[in-house]
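First the structure, in the form of structure tokens, and then the observations on it.
The values are calculated or read from the model by the stated rules, or taken from the named source; none is laboratory data. This one's a predicted model, so the numbers in the text were calculated from it and none came from an experiment. Cβ sites come from the backbone with ideal geometry, for glycine too, and all protein chains shown count toward neighbours. Accessible surface is based on the protein model in full, side chains and every heavy atom, while ligands, DNA and RNA are left aside. Shrake-Rupley method; radii C 1.70, N 1.55, O 1.52, S 1.80 Å.
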Amino acid sequence: KTLPVAVGNAIQNQTINFRNGQTITSGFGNNAQVNTSQVSSGYEMKLDYLPMRNLRIHLGFTKADVRITGIEPFVTPNNPNPVILAAQQAYVAAGGNDNAYIGTNPTPVSKYTGIGYMRYEFNSGLLHGLWAMVDAHYYGPQKALSVGGLSGLPTDIPNYTQTYFAPHYLTNLRFGYNWKAGRYA
């Protein structure tokens, strides 16, 4: 339900480590982690069919839906850096709030994905141990919300850009060889 993630519009939300009194920041300069609530749902369906011992047909479908449902408010009293604090205050004064990301996915992940493959392995003869596989993947549309305009100046006002990635397919043809040395494959 809750997970600390970096959220662009709360990027200057600095908090204090209760153990040592130090400011908590992430590894990306002054970006901080804020407590973000999200809800996720989904399912995965798989079907494996083996018409012969050395032939496998696989179909899979996944739905994964994740949405941000809440972001903790700015922690202004715990922010010791006056430049970052001024940028945060300018952002709030310009109408910025923690709700810009509500309802969006925290990561650009396809809501729907699918896979299908067929794998055949030769069990005898000259090609013994050789296998061949053809597979196809489907990745549904993705949306990503990014933030820009943050340089650390007190006048910084973040701007938001939503990027759309169209659905796409990927196909592969693979070959391999199973080799055994003694008891080890």
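When the surface is traced with a 1.4 Å probe over the full set of protein chains, R119 keeps roughly 70 Å² accessible. Using a probe of 1.4 Å, the accessible surface attributed to F175 totals some 140 Å² when neighbouring protein chains are kept in position.
Counting 0.36 nm for each residue step from M45 to K180 and taking away their Cα separation leaves a gain of 45.3 nm. Counting charges near W131 (Lys, Arg +1; Asp, Glu -1) among other residues having Cβ under 15 Å from its Cβ returns a value of +3. Stretching the chain fully between Y120 and F165 yields a gain of 12.8 nm (0.36 nm per residue, less the alpha carbon separation).
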